[in-house]
Amino acid sequence: MKNGLLERADVIAAREALGEAVHRTPLLPSSTLSAMTGNRVLLKAELFQKTGSFKPRGILYRLLRASQDERAAGFVSISAGNAAAALAWAATRIGARSAIVMPRDAVRSKIEATEGYGGEVVPTDGDYMGDCRRVQAERGMTFVHPFDDLDVLAGHGVSGLEILEDEDDLDAILVPVGGGGLIGGIAAAVKNTRPSVQVIGVEPAGANVMTRSLASGRVETVKPDTIADGLAAPFAGEHTLRHAQAWVDRVVTVTDEQILDALRLLWTRSKLAAEPSGAAALAAVVSGVAGISGRTVACVVSGGNVDASLVSRVLA
């Protein structure tokens with residue numbers, strides 16, 4: 001690590017520590033999407049990862065790096081769903097307790113998945129961090145940030161290494177952005193390995209906290225309003241912003257309607273049961289917002305924990 005930024009060696013160390021505990025997800029070509037967009041489109045299928053999203057990569061690595069005292073205390077975090085399931089799974093895997101503060105109105109299937117992996121769900125009506133700190137203090141648990149942690153970024157960056165290894169002729173990687181943990185890790189892996197490859201972030205227009213943070217040069221907050229609950233982070237992070245400033249070529253925004261259009265394509269043409277968050281990167285390519293033409297692009301399909309009630313809406 002140098003100047004607070006991950007180096008390639010940090011991501012490689014994460015991959016070695018994770019070993020076979022997480023999946024190496026496939027990079028899938030799509031002739032249909034390529035013909036539609038005028039690009040050669042590849043889909044990095046992180047929805048096939050443990051718990052159905054990319055999150056276990058970074059969170060398990062953070063827990064593997066925890067001290068024995070931290071493990072004995074158990075772990076607590078905040079999440080709308082995917083990080084919650086990942087923390088519950090990772091903690092159970094290493095024999096530790098976990099408690100996750102989740103919105104009371106979170107997607108029911110994500111709450112059930114978190115509990116199914118052995119996590120305790122602590123519902124909140126809005127004061128996510130305040131309630132989390134209360135649980136941490138009352139129980140003496142170890143706080144794990146859902147995205148703004150260098151170990152978490154390093155673990156997520158392994159997916160970037162995989163993309164580069166699976167495709168030599170690559171021009172750009174498009175990455176969904178919530179709090180910035182995934183794009184921060186991928187950018188660190190990519191720019192320290194093959195700096196000519198563009199790293200482009202994609203945010204929902206109703207949750208554009210990284211766009212605002214990059215514009216102001218400091219961590220901003222928003223009140224998210226988007227169908228992509230996995231990207232509805234109310235704030236960016238110090239580490240994630242610093243990595244985005246250093247290595248992300250640009251961040252673009254897409255509307256919920258564009259996300260739903262891309263989601264429909266993933267379901268019907270690529271047979272990938274993504275959640276809205278997982279369709280954001282493709283939405284930027286299909287809509288033209290990404291500003292890319294005639295290139296080889298990898299779109300990260302970041303998760304597949306879809307709310308069953310959304311199916312009829314998308315396929316109508």
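Laid out as a table, the results:
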read-out: For Thr124, distant residues with modelled amide H under 5 Å away; value: Met102, Arg104
read-out: Highest-fluctuation residue, Asp229, Asp149, Asp105 considered, GNM on the chain with Cα pairs under 10 Å; value: Asp105
read-out: Cα→Cβ-extended label distance, 7 Å offset, between Arg269 and Asp166, nm; value: 1.9 nm
read-out: Cα centre as origin, Lys/Arg/Asp/Glu Cβ charges: the stretch 144-238 dipole, Debye; value: 480 debye
read-out: Coil-residue trypsin sites (Lys or Arg not before Pro) of the stretch 28-105, DSSP, other Cβ within 10 Å capped at 11; value: Arg104
read-out: Over the stretch 191-302, relative contact order from alpha-carbon pairs under 8 Å, at least 6 apart, %; value: 26 percent
read-out: Placed amide H near Asn305: partners under 5 Å, 5+ positions off or other chain; value: Glu275
read-out: Cβ-defined net charge surrounding Thr253, 12 Å radius [Lys, Arg +1; Asp, Glu -1]; value: 0
read-out: The stretch 184-246-the stretch 46-89 distance, computed between alpha-carbon centres (Å); value: 20 Å
read-out: Unsatisfied cross-links (Cα-Cα over 28 Å) in the set Lys2/Lys223; Lys110/Lys223; Lys191/Lys271; Lys55/Lys271; Lys110/Lys191; Lys223/Lys271; value: Lys2/Lys223; Lys191/Lys271; Lys110/Lys191; Lys223/Lys271
read-out: Helix axis angle, 256-268 relative to the chain longest principal axis, alpha carbon, degrees; value: 80 degrees
read-out: Entry for percent of Cα pairs over 29 Å apart (calculated from the structure that is shown) out of (1) 41; (2) 53; (3) 28; value: (3)
read-out: The chain - percent relative contact order, Cα under 8 Å, separation 6 or more; value: 21 percent
read-out: Net dipole in debye of the stretch 56-143 [+1 Lys, Arg Cβ; -1 Asp, Glu Cβ; about Cα centre; nearest 20]; value: 340 debye
read-out: Degrees, to the nearest 10: 128-139 long Cα axis against longest axis of the chain; value: 30 degrees
read-out: Segment Val122-Ala137, length gained on full extension (0.36 nm per residue, minus Cα span); value: 4.0 nm
read-out: Label-to-label distance, nm, for residues given as Gln68 and Glu16 (7 Å Cα→Cβ offset); value: 2.3 nm
read-out: Sequence-distant residues sharing a close amide H with Val252 (under 5 Å, placed H); value: Gly201, Val202, Glu203
read-out: Structure-based [θ]222 nm, the chain - -39500 (n - 2.57) summed over DSSP H runs of at least 4, per residue, nearest 500; value: -13500 deg cm²/dmol
read-out: Karplus 3J(HN,Hα) series, Hz, for the stretch 297-306 with 6.51 cos²θ - 1.76 cosθ + 1.60 (x for Gly, Pro); value: 10, 10, 9, 7, 8, 6, x, x, 8, 7
read-out: Computed magnitude of the charge dipole of the chain (debye, nearest 20; Cβ of K, R +1, Cβ of D, E -1); value: 180 debye
read-out: Contour minus Cα-Cα distance for Thr32 and Lys2 (0.36 nm per residue); value: 6.6 nm
read-out: The stretch 56-143 - percent relative contact order, Cα under 8 Å, separation 6 or more; value: 32 percent
read-out: Residue among Val135, Val202, Val158 with the largest mean-square fluctuation in a Gaussian network model of the chain, springs linking Cα atoms under 10 Å; value: Val135
read-out: Between helix 238-247 and the chain: long-axis angle, C-alpha atoms, 0 to 90°, nearest 10; value: 20 degrees
read-out: Calculated FRET value between Arg194 and Leu310, using beta carbons and R₀ = 45 Å, to 0.05; value: 0.80
read-out: Computed over the stretch 56-143, Kirkwood Rh from alpha-carbon pairs, angstrom; value: 12.5 Å
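Throughout, read-outs are computed from the coordinates displayed, never taken from laboratory work. A quick note: this is a predicted structure, and the numbers were derived from the prediction, not measured. All Cβ positions, glycine included, derive from the backbone under ideal geometry; neighbour counts span all protein chains shown.
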